[in-house]
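All remarks here apply to the structure that follows.
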Amino acid sequence: MRRSKFGSTMLVSNRPQDDRPEGMSPRGPRVARSGAVAFSGRILQLLVLVLTGLLVPICLTPTDVGIIFLVQALLAAGAIIAQMGLTITVPAMITEALARGEYARAWSIAIRALLICVVAGVIVSAVVGILTLAVAYPFGSEIALAIRSVLPFVLLLVPLVAFLAVIVELHRSMGAIEDASILPVIPGLLLGLFMLAALIFSLRLSLADFLLVQLLSVVCTVAAAIARLGRRVNAWRLAGSDNAGVGAILGHSWPNLITTLSLFLISTLDIWIVGVFGGAVDVAQYGLGLRIASLFLIPLATVNATIVPLIVSNWTRGHRRYLQWVLTLTATGATALTAVGYIGFAAIGSPAIDAIWGPTYQPAFTVALMLGVSQVIHTAGGSAGYILLLLGQQRLVMSTTIALGILTVALAVAAMINWGPLGVALTYGSVNIFQTAIFVYLSRRHYGLKTQAAAANPLRLLRTNRPIV
């Protein structure tokens, strides 16, 4: 008997056992159904990204597009901090509670997590406003003036976006994959439809119009998410009086907060480095390439959205062999899809960018190619990062991420000065590959789990739940 990382007691047997969950076939209906729903949600997200990606450069000037990328990065930074690491910690805690039938504890964790997020969102929003004004006020540059003009929208969006991210993960941890897949799509879909209407009716859009519609879209989505969650968890409150303290939740969350924030800084400081040492047009070109490259991660994001709840529940119950089968199968399938997408983009991406956005955005093709290689390799590493975060190695991941983040920023600044945006793309792609290799190694070392894709017959992977060697 030993104690799990969330404070409950867990029985661990040294005897060989059937590592498959009770009543689940090797082709597990939960994995298949959840995977199909999550994949559909990711496809819808892809369509929304394509819609907005097409319309933003058409409706706004390259300078405005570059400023929008910077504003969105500022918004994302505030939202990541306001989430307090809860998007990783709380789903793991709830999944474990549900696996043990502790419904009252799951309800308590969910409610307190949302309260923490609301308080943190308000505080972070105030700090972001003060710091932004303090930094931007002395400068009279075009970028500084534009950010200051739309700052009120950013400050309102920070707590709302953070709250939406946490409540979506609560839905996912409770098995509501449909809600967790659809809710994140709604704000982008409404925003895209608005821009499409503006294009059809020849309406002139400003940065303020863009952010106002985004704000209204997020408000509507948050209201729908709260209503759906209330219907799902209210009955759990009557299951007992097992309460989870705020201190216990934050105690497990702070390493995840630092890790998430470090990952965010690694993934978004590149566009700020390009903006500081370049110009708004450079940001627009690099930002478009970055968004295109992010599409290659959709298969892996789908995998993580599907199996994150399964990682904790199967590990808690001792279903190691089944978990290994799921990790190998999903990583292999995701890598195959990502590789096909990358090859297709390499073949037709350049003329497509030229035809859709014009020759001004042609450098985005090279940026996307360079970042895309690292995304394919990252996908081949599977869910190694989530394995470490969910099963108790939060501090190890935190320290590794911080060290890599400092190295990445230093190298990226030097690369931007010497080689421009392409040097930044090369730096970020190389560090991404290095980080993936480290996490794959650590997952194997600490838990004996191979998270990487396997060069095996896919039909064999579907038929067996034995460890893939």
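Under a Cβ-Cβ cut-off of 13 Å, what is the net charge of the residues other than Val56 that fall near it, where Lys and Arg count +1 and Asp and Glu count -1? If you can, show how the numbers build up before the last one.
Working: positive: Arg291; negative: Asp64, Asp209.
The answer is -1.
What the Cα atoms of region 251-469 give is an Rg and a Dmax of 18.5, 56 Å. Packing here is the average count of other Cβ atoms within 10 Å per residue, and on that basis the peptides 115-122, 356-363, highest first, run 115-122, 356-363. Rg ratio for region 139-223: its Cα radius of gyration over 2.2 N^0.38 Å, N being its residue count, equals 1.30.
Residue-wise HN-Hα couplings along region 355-362, as the Karplus relation 6.51 cos²θ - 1.76 cosθ + 1.60 with θ = phi - 60° gives them from phi, are 6, 8, 9, x, x, 4, 9, 4 Hz; Gly and Pro carry x. According to the Kirkwood relation over distinct C-alpha pairs, the hydrodynamic radius of region 354-437 is 14.3 Å.
What's the long-distance tail for region 76-207, i.e. % of Cα pairs beyond 21 Å? So the pairs more than 21 Å apart make up 55 percent of the total in region 76-207.
Here the residues Ser206, Ser443, ranked from fewest to most Cβ neighbours within 10 Å of their Cβ, fall in the order Ser206, Ser443.
Take every Cα pair under 8 Å whose residues are at least 6 apart in sequence, average their separation, divide by the length of region 251-469, and the relative contact order is 34 percent. Each Lys or Arg adds one and each Asp or Glu subtracts one; over the other residues with Cβ under 13 Å from the Cβ of Ala384, this totals +3.
No value in this document is a laboratory result; all are computed from the given coordinates. Since this is a predicted model, take the numbers as computed values, not measurements. Here Cβ is always computed from backbone atoms with ideal geometry, including for glycine, and neighbour counts include all displayed protein chains.
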